[in-house]
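There's a structure below that I have some questions on.
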Amino acid sequence: MLSSFLPGYALSLTLILAIGAQNAFVLRQGLRRQHVFWVCLTCGTTDALLIAGGVAGFGALASAVPWFETAMRYGGAMFLLWYGAQNALSAWRGGAALEIEGEATQSLRQVILTLLALTFLNPHVYLDTVVLIGSISAQYPDKLAFGGGAVLASFTFFFALGYGARLLSPLFGKPFSWQVLDALIALTMWAIAAKLLFG
């Protein structure tokens, strides 16, 4: 079980670490200490639903169409190589930093609606959760454990991000911190791609 659970946890955590509108929004809410619990819960829940759909859908499709699993393995590896290259390029160029703006307090409804828009209107969310995690889960003997690891990573990350935002803000206000993070993400993506191709 751990041989499937841990890779799922690591992949999910690596995917959501990248700079994005959703993460920046969670950080901002955490820094302002506004609706932090509900923001983190919403992020984790939406990820869980998308991951479950990806794992269940790709598993069923892989059983029905024998060549599909192989196609997804190589397709997933190519995407990971490209994704890693994008992060490596960001690490090389540098210059990214988190900016927190002093915005007016929003109601819980406004905050959740904004968060849902940031989540479901972002095509990368579907690539990361449904397509990528779903396709890679087919390579592991216990897809349920793999998906469970991915879901737990999402909840862990968002709650840590939301409640740890005040501690992280000085660090991620510096471009060099994002360069290090992007470099680590790139190396992890390439390692996973190598396992898919040669493992």
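For GLY95, state whether it is touching a helix residue (DSSP H, G or I) at 6+ places or on another chain (Cβ under 6 Å), among the small types (Gly, Ala, Ser), open to solvent by 60 Å² or more (accessible area, probe 1.4 Å) and at pLDDT below 80. Even if it seems obvious, please write down each step before you answer.
Working: touching a helix residue (DSSP H, G or I) at 6+ places or on another chain (Cβ under 6 Å): yes; among the small types (Gly, Ala, Ser): yes; open to solvent by 60 Å² or more (accessible area, probe 1.4 Å): yes; at pLDDT below 80: yes.
Yes.
May I ask you to list pairs of residues, at least six apart or on different chains, whose Cβ atoms are under 7 Å apart, with the first in segment 177-199 being modelled with pLDDT under 85 and the second being outside any helix (DSSP H, G or I)?
Between residues of segment 177-199 that are modelled with pLDDT under 85 and residues that are outside any helix (DSSP H, G or I), the close pairs are TRP178/ILE19; TRP178/ALA96; TRP178/ALA97; ILE185/ALA18; LEU196/GLN139.
Okay, next question. Would you call ALA64 open to solvent by less than 40 Å² (accessible area, probe 1.4 Å) and of a type outside the set (Ser, Thr, Tyr)?
Values: open to solvent by less than 40 Å² (accessible area, probe 1.4 Å): no; of a type outside the set (Ser, Thr, Tyr): yes.
Spelling it out, it is not the case that ALA64 is open to solvent by less than 40 Å² (accessible area, probe 1.4 Å) and of a type outside the set (Ser, Thr, Tyr).
Moving to a separate point now. Those residues that are open to solvent by 30 Å² or more (accessible area, probe 1.4 Å) and not basic (Lys, Arg), I need them from segment 21-30; list them, please. Show your work before the answer.
So the first thing to find is which residues in segment 21-30 are open to solvent by 30 Å² or more (accessible area, probe 1.4 Å), and the list is 21, 28.
Residue satisfying the conditions is ALA21 alone.
Starting from segment 37-56, take each residue that is more than 23 Å from SER4 (Cα to Cα) and open to solvent by 20 Å² or more (accessible area, probe 1.4 Å) and list its partners that are in a helix (DSSP H, G or I) and of a type in the set (Gly, Ala, Ser), counting only C-beta distances under 8 angstrom and pairs at least six apart or across chains.
Within 8 Å, the pairs are PHE37/GLY162.
The values are calculated or read from the model by the stated rules, or taken from the named source; none is laboratory data. These figures come from a predicted structure and were not determined experimentally. FYI the Cβ positions are ideal-geometry reconstructions off the backbone, even for glycines, and counts take in every protein chain you see. Areas reflect the complete protein model, heavy atoms only, side chains present, ligands, DNA and RNA absent. Shrake-Rupley method; radii C 1.70, N 1.55, O 1.52, S 1.80 Å.
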